[in-house]
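Have a look at the structure below, then the notes.
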């Protein structure tokens, strides 16, 4: 677990496959794992996160690359600077449709009991 106040080089963190049960070609480096989980995410060309629902909300901030993102019945073209907020329980997915890595910051909000 990494806490605020620490300084670290993300190049020293390993890319770990994210949710291989519902995603392919999606890798992450966890930058914060507390009440809010913050993950630097890399999606290789052709990689995707299949449609699914989570019990927690997300915020995706797309940094580079191109692709498509779905929230329920809406489809948007991904471009750098796009922010997508997903409410807990909403159906969502994304995929890299380009030839380069798709990079994003994924913020996962903690599940409240």
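What residue, of 69, 83, is surrounded by fewer than 16 Cβ atoms within 10 Å (Cβ to Cβ) and either touching a residue at least 12 places away in the same chain (Cβ under 8 Å) or out of contact with any helix residue (DSSP H, G or I) (no Cβ under 6 Å at 6 or more places or on another chain) (or both)?
Exactly one residue qualifies, and that residue is 83.
Find the strands (runs of 3 or more DSSP E) located wholly in the range 1-110 whose residues include 2 or more that are within 12 Å of the chain's Cα centre (by Cα), and list them.
Qualifying strands (runs of 3 or more DSSP E): 23-33, 36-52, 58-64, 83-86, 92-96, 102-109.
Determine, yes or no, whether residue 46 is at positive phi and surrounded by 14 or more Cβ atoms within 10 Å (Cβ to Cβ).
When the stated conditions are applied, residue 46 does not pass them.
Read-outs: derived from the displayed coordinates by stated rules, not from any lab. Because the structure is predicted, anything quoted here is derived from the model rather than measured. Here Cβ is always computed from backbone atoms with ideal geometry, including for glycine, and neighbour counts include all displayed protein chains.
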